[in-house]
Structures are given as C-alpha cells and as structure tokens.
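FYI, it's all coordinate maths here, none of it is from the lab. This structure is a prediction, so every number in the text was calculated from the model and none was measured. Backbone-built Cβ (ideal geometry, glycine too); neighbour counts: all protein chains shown.
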Amino acid sequence: MSSVLFGKINVNTNTVFGTESAPASFFNSTFFFQDNAALEWQLFLTIQEPGTIILTVLYSISFLVGFFGNVMSLKVLLSQHGSMRLSGASATRCLLINLAVCDLAVVCVCMPVTLGHRIYTPWVYGDFLCRAVPFTQAVSVSSSVLSITVISISRYYAVHSPLQSRAYFTRRRILASVTIVWLVSSVICMPVAIVTRRDEVALIEGLAIVLPICGEVWPQPRLRQVYNVLLFSALYCLPVGFNLTLAFLTYRRLRSTGSEGRFTELDPRSQCYKLFVYTVDKICKVAKIKVSNPQRYYF
C-alpha cells in the first residue's frame with residue numbers, strides 16, 4: 001500500500017482509489033483513458049456518490065437559511081426606528097449585529113468552498129483560500145463565542161445595576177468591545193493561517209497525475225496538540241463556565257427580589273413610567289384645587 005506523507009497530511013492511495021497502488025500500465029489498460037485530465041476527473045469527482053448528494057442538499061438548505069436569515073436579522077437590527085445608525089443602540093443589539101456578521105462570514109466564505117472541495121477532491125482554490133477559509137471559520141466561531149460572553153456580561157450588569165447599565169454601555173464602549181472581540185479572535189486563530197498551506201502530491205508513478213491538497217503542517221506534533229488544547233480551553237471551557245456562572249448569579253438575583261413587582265422597581269422604564277404617573281397625578285391634583293379654590297392659586 002502506497003502512501004505519501006506531507007507534514008501532517010497523509011494521503012493514502014487506498015482511500016483515493018479504493019485499491020492498492022499500481023503501476024501506470026495497469027491504469028492505462030484498465031480505465032482506457034486517452035489523457036490524464038479525463039482520468040483525474042473520473043477519480044476525483046464525487047458528485048454521484050450518495051454521501052456527496054446528501055451533503056450537497058444539506059449544505060444548500062443551510063446556506064439559504066443562514067444567508068437570508070442573517071440578512072433579514074441585520075435588516076431588522078439596523079433599521080429599527082427607521083434609523084440605520086447605531087447611535088443609541090443597546091449593547092445586546094450591537095452584539096447581535098456582530099453575531100449575524102460572523103454567521104454570514106461562515107455562510108458566504110466557508111460553506112461554498114467546503115462543499116466544492118467535497119464534490120471535487122483536489123484543492124483547486126489556491127494557497128490564499130487554503131489559508132483564508134479555515135482562518136475565517138475559526139475567527140468567526142471565536143468571535144461568536146466571545147460576543148455571547150459579552151452579551152452575558154451586559155445582561156448580568158443590567159440585572160444587578162439597571163439604572164447604571166445604559167449609561168455604562170455607551171456607543172463607544174460597545175464598538176470598542178466588538179473591536180476587541182475581533183482582535184482577540186484573530187490573535188487566537190492566527191496559527192491556523194500560518195500552518196495551513198497548499199501542496200501537490202504525486203499519486204501514480206509514471207503518470208503526471210498529482211493531487212493538490214490543503215492541510216495543516218506543524219513543525220512538531222506536540223505543538224499541534226498543545227494548540228488544540230489551548231483552543232478548546234479558550235473557546236469552549238472558559239466561555240461555557242463563565243456564562244453558566246453569570247446565568248446562575250443572574251437567576252439568584254432574580255429569585256432574591258421575591259416577587260415580580262419588586263423586580264419591576266429595578267427596571268429603568270418602570271422608574272420613568274412611575275415618575276410620569278406621579279407628575280401627571282400631581283398636576284391633576286393642583287388643577288383640581290385651583291378649580292375649587294380659584295382665589296388661592298395664581299399661575
């Protein structure tokens with residue numbers, strides 16, 4: 001059995017052809033192809049396989065739902081109150097916009113290339129997309145996770161200090177948080193773009209048939225293991241633990257209020273409404289007193 005090892009990429013001819021490798025004369029006498037291009041097309045095109053057909057249907061549905069769903073979400077979030085500006089937007093609204101952008105990046109960049117690579121096995125998209133696609137996917141996932149964490153912080157702060165929450169999460173701080181989220185995500189996922197590369201592997205001895213491949217090439221296997229552990233901890237364990245802790249503290253705070261009426265007293269809108277009712281009530285009382293005693297009050 002013949003295999004080619006390129007860094008951490010192990011291309012096995014048994015997985016490509018379903019048989020052991022053979023000399024060029026065997027392929028020439030078996031497939032009866034007049035040129036190598038037709039042979040490559042027959043060997044690497046998987047569009048007729050049941051697994052590829054099912055995956056194509058699922059990817060198409062996911063693409064349509066993800067694209068139109070996120071576009072509609074952006075339209076609603078950006079056109080709220082007839083304004084396309086983010087001024088006066090809440091922290092949650094701005095971070096939801098960021099989540100929609102992350103999803104669109106995955107849907108528009110990663111999904112088409114991944115499906116195309118599944119249909120036609122060789123990597124024909126060049127070295128740039130070989131690095132850009134996994135990097136975009138990793139950064140988008142990281143930004144989504146960190147954005148959800150920032151949303152949890154915002155909601156926790158809104159429950160514990162509702163009157164100061166809106167003043168604290170200003171437009172500048174919201175945009176700064178989004179910028180920090182993307183910068184941190186880019187730094188965390190930068191090794192993915194560095195170690196991923198494109199190369200060509202000769203498959204059949206005596207024939208000019210090569211398999212362009214795209215994969216991670218690490219200097220040492222130990223470094224890959226360490227990075228995967230750090231990535232799993234930074235983007236899964238820590239955010240999940242942190243968000244669960246905030247959710248528990250928020251739930252305990254809500255339970256400690258004792259009743260819904262007591263909690264509504266903490267709501268800034270409820271405070272404004274009560275102030276408005278109190279003011280109107282006082283004005284009505286003063287007007288009533290003036291009508292009943294016109295000589296007592298002068299306005």
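Listed peptides 246-254, 178-186 appear in the order 178-186, 246-254 once ranked by packing, highest mean of other Cβ atoms within 10 Å at the front.
Annotation for segment 160-231 versus segment 107-159: alpha-carbon center distance of 9 Å.
Packing-wise, with mean Cβ within 10 Å as the measure, how do 49-61, 96-108 rank, highest first?
Highest-to-lowest ranking by the protection proxy: 96-108, 49-61.
Each principal axis of the Cα atoms in segment 125-233 has its own extent, and those three values, largest first, are 76, 28, 16 angstrom.
Can you give me the relative contact order of segment 129-212 as a percent, contacts being Cα pairs under 8 Å and 6 or more apart?
Answer for segment 129-212 is 40 percent.
Residue-wise HN-Hα couplings along segment 154-171, as the Karplus relation 6.51 cos²θ - 1.76 cosθ + 1.60 with θ = phi - 60° gives them from phi, are 4, 5, 5, 5, 5, 6, 7, 9, x, 6, 9, 5, 5, 6, 6, 8, 7, 4 Hz; Gly and Pro carry x.
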